[in-house]
Amino acid sequence: MATTQTDKPVDNGVNVEALFGAQEALAKTPEAARFKWRSTVEWINGTHSRSTIEGFYGLGAEQKHKKAFTFDADHPEVFAAQDAAATPVEIVLAGLASCLTAGVAAVAQARKIQLRSVSATLEAGMDVRGILGMDEDIRNGFDGIKVTYKIDADASPADIKAIVAQSQKRSAVYDIIANPTNVTVEVA
Amino acid sequence: MRTTAVVIGAGQSGLAMSWWLAERSIDHVVLERGEVANTWRTQRWDSLTLLTPNWQSRLPGHGYEGDDPDSFRTMAETIAFIERYATLLSPPLRTHCPVVSVRSANGGYEVVTEEGTWHCKAVVLATGAFNIAQVPKLAAEIPPDIAQLTTAQYRNPASLEAGGVIVVGAAASGAQIADEIHRSGRPVTLAVGEHVRAPRMYRGRDIQWWMDATGLNDERYDQVENLRRARALSSFQLAGYADRRNIDLNALTSLGVALVGRLAAVRDGKAQFSGSLRNLCELADLKQNRLLNTIDEWAAENGVGDAVDPPHRPEPTRVEASPPLGLDLRRAGIRTIVWATGFRPDYSWLDVPVLDPKGNIRHDGGVVTEAPGLYVMGLPFLRRRKSSLIDGASDDARDLSAHLSSHLAAASTGG
């Protein structure tokens, strides 16, 4: 891997030693690798709702974030809504962006490449006749997602491309979006 | 019956091991469930050729003697080559002698066959990596009127029904089979997962000439950066055709083969493909260019740059803007699915607890450290990048027979 030699150790703020350690530990105890991610939601009014994320399960035990995080979602005024928060599909884009960007930092760290700046813009197309039930041939969801990264790093353009490609390969949200997942919705 | 070492399998690995054991005066027997080169005789489609040129099939004491070193052997020629080697070597061979079980006994091993039981101090598993064709679980969801076959069962396009074909997997086998089926007039959709792209010819030389000359094929398992990953990589997306044409995804697209993402699910008669095609093609292009960069650097450092053609970079893989994510199998006229999704070894007869939860044998460069005296050969990147090539058998057999020899010496001195 061609990287520029610098005296300063590469630090993207990712503890890859801990991640490699986790790989080794989980190889011996695969049951500890089984996580459950959770979210709860309360309807507020109209299309406005609030999700709360606090606990999850992993490493064989219940775990908790340092604090509860809340995420409001609503729809914009052009949908005759109050626009109290971002649209759920935009939050999906934010999830993808954050997942890929975390991956970029981790892969760069593992490959000893110093990042100076990383930004991306995301755009997803959607024909809303799908969600409005106007045409059965039009899907509800995105017809595609375009992510464009701008990365400044001590590496060749090919090495930067390889980091972004590897990040997609190891991204949970990318996989969730690109591949089918069984969804079971029940009323308790 | 007693012997010092039992070698299971009489393909290139088992025969190379026999040569080295004889060289080291170690008493042994080679057990073969069928005929010499059994896997090459069965489980292979008609048009298959070796992916490595003739000159590269080198076994201990036996190289290429013909006048066509740069061509690729057919299966019949490959079998004849290995048979000729067996004749030259005349190893202590028992054919039609399937092994029923191998277990530890009295500080050594007991090898039970349908033709009697052998007691020995060491066992070499040379049964290869290509025993059982892997088929994903989702195959059960394919509508029953659509034929399914693995690359081990596939023979030729004419044996398929007329109509559309999905080939699942784009390593060497999947790409070759997609190429010939599509040329037969049966439209092919190729489901592409991770793949390793490589040009057949680079700078006027065969890619395997470069792999050999640069030392990449000799790269050792204890020197490679990520061994688990290196062992899991699929074969180069190559064919050994007389015209040396590429069968990369661009070549297949030019023929009219439709590329789709990895087959992710089949629901209600509809196949669903992953949206990851573009990234997997990008990864393969980047990886190919890194390989070609390595070759160019080596050529410059070793002064062969002027003796070969100038460098070039293959066109990046063309992927259409929105590859289809779903296909209604009946409506699309799909009549056959070919699973080119790899093979795994069969150790169902191995009663020594050395398998990991996925059924792979735990070993250190072919030395099964948890079971002293047990060795394995012929697996991907076993000791070297070339370990799964015919050309890899000799060096691996030399190293492992040396280890086996010192194991016997230590055991006999009570060490």
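Quick note: the coordinates plus some simple rules give every number you see, no bench work behind them. Please read all numbers here as calculations on a predicted model, not as lab measurements. We place every Cβ from the backbone using ideal geometry, glycine too, and count neighbours over all the protein chains shown.
Roughly speaking, what % of Cα-Cα pairs in the protein assembly as shown are separated by over 38 Å, rounded to a whole number?
43 percent
Can you divide the C-alpha Rg of the stretch B:134-339 by 2.2 N^0.38 Å and report the result to two decimal places?
Compactness ratio reported: 1.11.
What is the distance, in nm, between label points placed 7 Å from the Cα along the Cα-to-Cβ direction at A:Ala18 and at A:Phe71?
In this crude spin-label approximation the distance works out to 2.2 nm.
At a Cα cut-off below 18 Å, give the lysines reachable from B:Lys137, other chains included and same-chain residues fewer than 8 away excluded.
The reachable lysines, counting only those whose Cα sits under 18 Å from B:Lys137, are B:Lys270, B:Lys358.
Quick check on the protein assembly as shown: of the DSSP beta bridges with both residues there, what percent are antiparallel, nearest 5%?
In the protein assembly as shown, DSSP labels about 60 percent of beta bridges as antiparallel.
In percent, how large is the relative contact order of the stretch A:13-86, given Cα pairs closer than 8 Å and 6 or more residues apart?
The normalised contact order for the stretch A:13-86 reaches 22 percent.
List the residues, sorted by chain then number, that are 5 or more residues from B:Leu93 or on another chain and whose placed amide H is less than 5 Å from its amide H.
Under 5 Å from the amide H of B:Leu93: B:Val30.
By how many nm would the segment from B:Ser322 to B:Asn131 lengthen if fully extended, with 0.36 nm per residue of separation less the alpha-carbon distance?
This chain segment gains 65.0 nm when fully extended.
Long-range amide H contacts for B:Arg58: which residues qualify at under 5 Å (H placed 1.01 Å from N, peptide plane, sequence gap of 5 or more or a different chain)?
HN-HN under 5 Å from B:Arg58: B:Asp391.
Set the Förster radius R0 to 22 Å, insert the Cβ-Cβ distance between B:Ala232 and A:Phe35 as r into 1/(1 + (r/R0)^6), and round the FRET efficiency to 0.05.
Here the calculated transfer efficiency is 0.40.
May I ask what percent, to the nearest 5, of DSSP beta bridges between residues of the stretch B:134-339 are antiparallel? Could the numbers behind the result be given before it?
Working: 9 of 27 bridges.
Close to 35 percent.
Just to check I understand the Karplus step: with θ = phi - 60° and J = 6.51 cos²θ - 1.76 cosθ + 1.60, what whole-Hz values come out for the stretch B:149-159, glycine and proline as x?
Working through the residues one at a time gives 8, 8, 5, 6, 9, 5, 10, 6, x, 4, 7 Hz.
Through the Karplus equation 6.51 cos²θ - 1.76 cosθ + 1.60, θ set to phi - 60°, convert the phi angles of the stretch A:55-72 into ³J(HN,Hα) values in whole Hz; use x for Gly and Pro.
x, 8, 10, x, 6, x, 8, 5, 10, 9, 5, 4, 8, 6, 9, 10, 9, 7
Can you give the net charge of the other residues whose Cβ lies under 12 Å from the Cβ of B:Arg94, counting K and R as +1 and D and E as -1?
-3
If the label point is 7 Å along Cα→Cβ of A:Ala61, which residues in the stretch A:20-43 have backbone nitrogen under 20 Å from it?
Label zone hits: A:21-38.
Over chain A, what is the relative contact order in percent, taking alpha-carbon pairs closer than 8 angstrom and at least six residues apart? Spell out each step's value before the answer.
On the way: 259 pairs, mean separation 35.4, N = 188.
Computed value for chain A: 19 percent relative contact order.
Using modelled backbone amide H atoms (1.01 Å from N, in-plane), which distant-in-sequence or interchain residues come within less than 5 Å of A:Asp127's amide H?
A:Asp143
Take every residue in peptide B:252-265, count the Cβ atoms of other chains within 10 Å of its Cβ, and give the average of those counts.
Values: counts 0, 0, 0, 0, 0, 0, 0, 0, 0, 2, 2, 0, 5, 4.
Across the residues of B:252-265, the mean count of other-chain Cβ atoms within 10 Å is 1.
Just for chain B, what percent of DSSP beta bridges are antiparallel, to the closest 5?
Beta bridges within chain B, antiparallel portion: roughly 45 percent.
Given contacts defined as C-alpha pairs under 8 Å and at least six residues apart, what's the relative contact order of the stretch B:371-415, whole-number percent?
Computed over the stretch B:371-415, the figure is 31 percent.
Can you give the alpha-carbon Rg of chain A over 2.2 N^0.38 Å, where N counts its residues?
1.23
If the reach is capped at under 22 angstrom between alpha carbons, list the lysines near A:Lys64, excluding any in the same chain fewer than eight residues apart.
A:Lys36
Apply the Karplus parameterisation 6.51 cos²θ - 1.76 cosθ + 1.60, with θ equal to phi minus 60°, to every residue of the stretch B:253-268 and state each ³J(HN,Hα) to the nearest whole Hz, in sequence, with x for glycine and proline.
4, 4, 6, x, 5, 8, 8, 10, x, 3, 5, 9, 6, 10, 9, 6
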